[in-house]
Each structure stands twice: as structure tokens, then as C-alpha cells.
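**Student:** Pasting a structure here, questions to come.
Values in this text are rule-based calculations from the coordinates and carry no lab data. Bear in mind the structure is a predicted one, so any value in this text is a computation, not a measurement. Note that each Cβ is placed from the backbone with ideal geometry, even for glycine, and that neighbours are counted across all protein chains shown.
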């Protein structure tokens, strides 16, 4: 399996850590916005959907931080890098779709949630397989 070590892995891992930190910062902002701005404008059901998006954003922001640390430790392995890319895309699709569904009321945004959810599952499976292979070497 292709590996990137040394400075290149350090840079790439650092970028995923930075991305995870940005996702987490935005999750805090969206949480505050949900509490102070959104809650009074949407139904209880829509607020629940908004909260699900926010919770998943937090979980996967932490996942991106974790992937960045693993890249710095193990070097850039294809599956580990794929896990980070899939997690980024899945978070954008799943959370973004649910946020937009809640804020606009347009149900067409709901299409992105299952696509994003599948992408998130694939990211976690890629991470698991990458670490399984790394432990075998």
C-alpha cells in the first residue's frame, strides 16, 4: 500500500486536523444559531432534524481530527486518506442537506441525507480497514 511519510504526511495530517477543527467550530456556531435563531422559527420536528445534523457534524469533526492524527502517525495510506475525504464529503452532504431542509422547508434537500449517510459509513469502514492493515505490518 502506498505510503507518504515524513514532512508530507505531517502536512497532510495537519490539514485534516485543521479541517476537523473548522468543522467543529462551525458545529458550535450552528448549535448556537439553532438555539437562538432557528428554534423560534421552525417546528419541533424540524428543530429535531437540525439537532441531528449538528450532532453528526460534531461526531464527524472529531473523526476528521482523529484521521489527521493517524495520518501523522502512520503516514498517508490510501484507505486512510480515502476515509478523510469520504468523511468530509459525507459530513457536507448529510449535515448540509439536513440543515438546508430545516432552514428552507424544501424537501428536495432531504435527498442528500441518505447519500451523505452512506458516504459516512464508507468513511468509517475505510478507516477500519486501513487500521486493520496497518496493524498487520
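**Student:** For the stretch 68-137 and the stretch 1-65, what is the separation of their C-alpha centers, rounded to whole Å?
**Tutor:** If you average the Cα positions of each part, the centres end up 11 Å apart.
**Student:** Normalising by the residue count of the chain, find the relative contact order in percent from Cα pairs under 8 Å and 6+ residues apart.
**Tutor:** 29 percent
**Student:** Quote to one decimal, in nm, the extra length available between residue 135 and residue 92 on full extension: 0.36 nm per residue of separation minus the C-alpha distance between them.
**Tutor:** Going from the current span to full extension adds 12.5 nm.
**Student:** Beta carbons within 10 angstrom, averaged per residue: use that to sort the peptides 95-108, 77-90, highest first.
**Tutor:** By packing density, highest mean first, the sequence is 77-90, 95-108.
**Student:** Still on this structure, I have one more. Starting from the coordinates of the alpha-carbon atoms of the stretch 1-120, obtain the Kirkwood hydrodynamic radius over all distinct pairs and give the value in Å to one decimal.
**Tutor:** 14.9 Å
**Student:** For residue 125 and residue 35 in the same chain, what is the full-extension length gain: residue separation times 0.36 nm, less their Cα-Cα distance, in nm?
**Tutor:** 29.1 nm
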